[in-house]
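The next block holds one structure in the form of structure tokens; read it before the comments.
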Amino acid sequence: MKRTLTALLVIFVVGLAIVLYAFKEDTPRLRSGDVIFQTSMSRQCQAVRLATHSIFSHCGMIWIKDDKPYVLEAVQPVKITLLDEWIRHGEGKKYVVRRLKNADSILTPAVLQKMQAEGKKMLGKSYDGYFEWSDDQIYCSELVWKIYKRAAGIEVGKLQRIKDFDLSSEPVKQIIRERYGDKLPENEIVISPQSIYESSLFVTVRSKYD
């Protein structure tokens, strides 16, 4: 009887290990250059979501270093954050990862090296709460867009003007009053997390929103 129970336990453990391994293999490994999105809960992030009609208010770029996933992100200041820590900052620890459809052919080692170099140029820069298009300060989606454009020659998302967004809700109006007074630069070029998320160049490889 004892031998039978032992044999059944061994079979169960082996079967469980096989299932877990298969599940792991079904989850695509993250790659440098992947773009990750989340929902943040600050007042500004709420305004961003309302103005862009999106659940996403923050994004960053995955970077693999020593087999560990990090996120290059524009907060205060631009920095590299461990993925697990970055995920904890989002509402409900939810996130989505998007990848270039033809990443294997476009994100060559040489291109990834250029992307890394562009990212290093941005490290330590202050967060841009005024959403200006200069490199003096940087916001999250601007960081991702410029790295792809400058290193890979790809525009990952449609550029817009501030006036293109929905500025009608009170939380958005309040942020505008605090930041700009009555001098809103309506024609300033901007790129939103939602615009990058919607890019037809990407495909979703992970989602915790399902």
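The values are calculated or read from the model by the stated rules, or taken from the named source; none is laboratory data. Bear in mind the structure is a predicted one, so any value in this text is a computation, not a measurement. Here Cβ is always computed from backbone atoms with ideal geometry, including for glycine, and neighbour counts include all displayed protein chains. Ligands, DNA and RNA are stripped out before the accessible areas are found, and what is left, the full protein with its side chains, is counted by its heavy atoms. Shrake-Rupley method; radii C 1.70, N 1.55, O 1.52, S 1.80 Å.
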Show which lysines lie in cross-link reach of Lys163 when reach means a straight Cα distance below 24 angstrom and same-chain residues fewer than eight apart are skipped.
Lys146, Lys149, Lys173, Lys183
Got the relative contact order for the chain handy, in percent, Cα pairs under 8 Å and 6 or more residues apart?
24
Would you mind getting the accessible area per residue of the chain, heavy atoms of the protein chains only, 1.4 Å probe, in Å²?
58
I'd like the accessible area for Lys208: 1.4 Å probe, protein heavy atoms, all chains in place, Å² to the nearest 10.
110
With labels modelled as points extended 7 Å from the Cα through the Cβ direction, what inter-label distance (nm, one decimal) is found for Glu186 paired with Arg161?
0.8
Could you please put Arg99, Arg177, Arg206 in sequence from largest to smallest accessible area, using a 1.4 Å probe?
Arg177, Arg206, Arg99
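Mind checking the dipole of the chain: about its Cα centre, +1 per Lys or Arg Cβ, -1 per Asp or Glu Cβ, Debye to the nearest 20? Please report the intermediate quantities before stating the final value.
On the way: 32 positive and 26 negative charges, 138 e Å.
The dipole of the chain has a size of about 660 debye.
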Got a sec? Charge dipole of the chain, +1 on Cβ for Lys and Arg, -1 for Asp and Glu; which of Ile196, Met122, Val35 is way out at the positive end?
Val35
Suppose the chain between Ser126 and Ser207 were pulled fully straight at 0.36 nm per residue; how much longer would it get relative to their current alpha carbon spacing?
26.2 nm
Counting only residues 5 or more apart in sequence or on a different chain, those whose built amide H sits under 5 Å from that of His58 are Gln38, Ser40
Take the solvent-accessible surface of the protein heavy atoms, probe 1.4 Å, and return the percent of it on the chain that carbon and sulfur atoms account for.
55
Taking a probe of 1.4 angstrom, what is the accessible area of His53 in Å², to the nearest 10?
140
